[in-house]
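Beneath this line is the structure, given in structure tokens, with notes to follow.
Only the coordinates and a few stated rules stand behind these numbers; no lab work does. Everything numeric here is computed off the predicted structure, so don't read it as measured data. As a convention, Cβ positions derive from the backbone with ideal geometry for all residues, glycine included, and neighbour counts pool all protein chains shown.
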Amino acid sequence: MYKLVAIDLDGTLLNQYGIVTENTKKVIKKTMEKGTNVILASGRPIDSIKTIAKEIGIKDYFIAGNGAIIYDIQKDDIMYKKFLPKEKILEIIKICEENSISYNVYTDKAIIANALKYNVLYYQKENLKKEESKKTKISIVENIYEYVKNLRENKILKITICDENKSVFQAIIRKLKQIEEIEVLDVSHMSRKTIKQGTEEFVIEYYYTEITAQNVDKWNAIEYLMEKLNIKKEEVIAIGDNINDKKMIKNAGLGITMQGSTKEVIEIADYLTTTNDNEGVAKALEKFCN
């Protein structure tokens, strides 16, 4: 029996419109009723994940910031944290500013940006469908460097770098990889998100990477939970679609990825389910847990 299932959000549990279908919610509920602990493992900040966890009935834990945080839902508190050091954050911001490349800073509670672009635009459009208390907090500031420099508490999970031009994107990645004691996620394909506005749809496409503190990833956070819950590696399922899910998919007892996932993840997965728009998570849980 599998005792723990870790599920990524964007591109995995959520469909292209950022929705968890009613059938998927029922399957997750059935899985938990059978004694399997289901957790979310995402790059999003706390409040954004908390809303989705509540919606689908997850009551114990979730992983935020790609493994920078484990959140205890019952205690409403952070139980595990690995934040980016402020001096590293400022060094990264300086490089981005000097090269005129788009970036966002993710704290435990909010996304800091200087414009509604790329992934931030997607979250802002997603917010339009939510009541005020459930929205992902987005802070638009004129000078991110000064804003971060003056933060009293450093609770920064990650920085996301975005650009539409592949050569510009790859050039900035090379510079960022020269910084010591950080993790630069190796993403080389375009992210594609669909935004629905009334009866019309439009697509946002961009290259992106995510930067975290050293040794921060979803699998390290899962291992921390495994030890706490006395769960073996063989009793864990990990479901994801992208490079930031690769380590957990590779190391879990059963690694599952979505049809249409990035090639590197498909190559190491134990099982390929259907797409996120075809309830791939529900189908996988039905097959292996129910």
Can you give the Rg to Rh ratio of region 125-223, both from alpha-carbon atoms, with Rh computed by the Kirkwood formula? 1.00
Evaluate the charge dipole of region 86-213 about its Cα centre and quote only its size in Debye, nearest 20, assuming +1 on the Cβ of each Lys and Arg and -1 on the Cβ of each Asp and Glu. 320
Among T194, C162, V141, which residue has its Cα furthest toward the positive end of the charge dipole of region 86-213, with +1 on Lys/Arg Cβ and -1 on Asp/Glu Cβ? T194
Only Cα pairs within less than 10 Å get springs; with that Gaussian network setup on the chain, which residue of S167, S191, S48 has the largest fluctuation? S167
Neighbours of L90 by Cβ distance under 13 Å: Lys/Arg at +1, Asp/Glu at -1, summed charge -1
Distance in nm between V141 and E91 label points, each 7 Å along Cα→Cβ, equals 2.0
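Can you tell me, using C-alpha contacts under 8 Å and at least 6 residues apart, the relative contact order of the chain as a whole percent? The partial results should precede the final answer.
On the way: 572 pairs, mean separation 64.6, N = 290.
Taking the mean separation of contacting Cα pairs over the length of the chain, I get 22 percent.
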Sort 278-287, 136-145 by the packing proxy (mean of other Cβ within 10 Å over each peptide's residues), most packed first. 278-287, 136-145
